[in-house]
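> Sharing a structure below in structure tokens format, with a few things to ask.
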Amino acid sequence: MKILGINALNHDAGISLIEDDKILFAAHSERYSGIKNDSNLNKEMFQDMEQYGTPDKVVYFERPWIKKLRQLKAGQYSEVFTLDNLPQRHLDSVLGKGIYTIDEYVDHHLSHASSTYFTSPYTESAVVVIDAIGEFDTISIWYANGTKLEKRWSQSYPHSLGLWYSAMTQRLGLKPQEDEFILMGMAAWGIPNKKLQEEIRLTFFEGGDDIRFELNLHRGCMNWNPSVYQTTELNNGSLM
């Protein structure tokens, strides 16, 4: 069976075509459009994919209606009350109505866990997924064995290590959802500061064994510690 996997409408849209355990084709939209982190699909990418065969099944990387529930909780009303961000509608607008129909919508973190596990050499594994946000899960731990993955634990929005990472990226004047790698590189040159570490812990993290946050960092943390980082314009838009 040939399965076409689609990721779009967030950042770095892309598709892949697999047959059994082989990846026949994979590509990002930005390679075709020239737009960095392009979130939209494009027709030329599908035309190249079709050289490797016609998919028997089309799968999308998250569940759009569950995502809309989370967006409602987050106050992203412009995203909630539009149909233009529905995957099938976007696919039809790119390729034409009825060319491809999405057969299955997969849990966002299951997509992450599967891509890691099924491209690894292991037949049994623990899989940890940590990202900013998908539907509701922000961290999840899975047990993978054979062809099955079972979710053992998860943390839900708004408690998100990934959003905190992006908020700190923005706080330093970098672009969230893109420049996190720069922050990672900068960390190697940092000087430990116990006082600042304690301030960050007390400001952002709740106590306890699980990872929970005092603040919802979906819109960043530009107003934190303004005496150190002067800014007159706070970002009121969501990081993603």
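> For the stretch 157-176, check the following and say yes or no: at least one residue is closer than 26 Å to residue 57 by Cα and either assigned by TED's automatic domain parsing to the domain that holds residue 38 or in contact (Cβ under 8 Å) with a residue 12 or more places away in the chain (or both).
No: zero hits.
> Considering only the stretch 1-56, state which residues are buried (at least 17 other Cβ atoms within 10 Å of the Cβ) and under 19 Å from residue 177 (Cβ atoms).
Across the stretch 1-56, the qualifying residues are 7, 8, 9, 10, 13, 14, 29, 30, 38, 41.
> Here's a follow-up. Listed residues 98, 5, 14, 34; which is modelled with pLDDT under 95 and among the small types (Gly, Ala, Ser)?
None of the other options fit; the residue is 98.
> Given the stretch 1-48, what strands (runs of 3 or more DSSP E) lie entirely inside it while holding 3 or more residues that are free of Cβ contacts under 8 Å to residues at least 12 places away in the same chain and within 21 Å of residue 96 (Cα to Cα)?
Hits in the stretch 1-48: none.
> Can I ask one more? Quick check on the stretch 186-209: of everything there that is in a loop (DSSP other than H, G, I, E, B) and among the acidic types (Asp, Glu), which residue is surrounded by the fewest Cβ atoms within 10 Å (Cβ to Cβ)?
So the residue we want is 209.
> All but one of (1) assigned by TED's automatic domain parsing to the domain that holds residue 132; (2) modelled with pLDDT under 90; (3) not β-branched (Val, Ile, Thr) hold for residue 148; state the number of the condition that does not hold.
Only one criterion is unmet by residue 148, namely (2).
> Within the stretch 65-106, take every residue that is among the aromatic types (Phe, Trp, Tyr) and part of a loop (DSSP other than H, G, I, E, B) and give me the one that is nearest to residue 6 (Cα to Cα).
100
> Let me ask another. Please enumerate the residues belonging to the stretch 79-117 that are among the hydroxyl-bearing types (Ser, Thr, Tyr) and under 19 Å from the mean Cα position of the chain (by Cα).
105, 111, 114, 115, 116, 117
> Since residue 133 meets every condition but one in (1) surrounded by fewer than 20 Cβ atoms within 10 Å (Cβ to Cβ); (2) part of a loop (DSSP other than H, G, I, E, B), which condition does it not meet?
Among (1) surrounded by fewer than 20 Cβ atoms within 10 Å (Cβ to Cβ); (2) part of a loop (DSSP other than H, G, I, E, B), the lone unmet condition for residue 133 is (1).
> Follow-up question, since we're still on this one. Being at pLDDT 90 or above and farther than 25 Å from residue 13 by Cα, is that true of even one residue in the stretch 158-170?
yes
> So, residue 73, is that one surrounded by fewer than 16 Cβ atoms within 10 Å (Cβ to Cβ), touching a residue at least 24 places away in the same chain (Cβ under 8 Å) and closer than 30 Å to residue 217 by Cα or not?
So residue 73 passes the test.
The values are calculated or read from the model by the stated rules, or taken from the named source; none is laboratory data. Predicted model only: the values in this text are computed from it and were never measured. Reconstructed Cβ throughout: ideal geometry from the backbone, glycine too, with neighbour counts over all protein chains shown.
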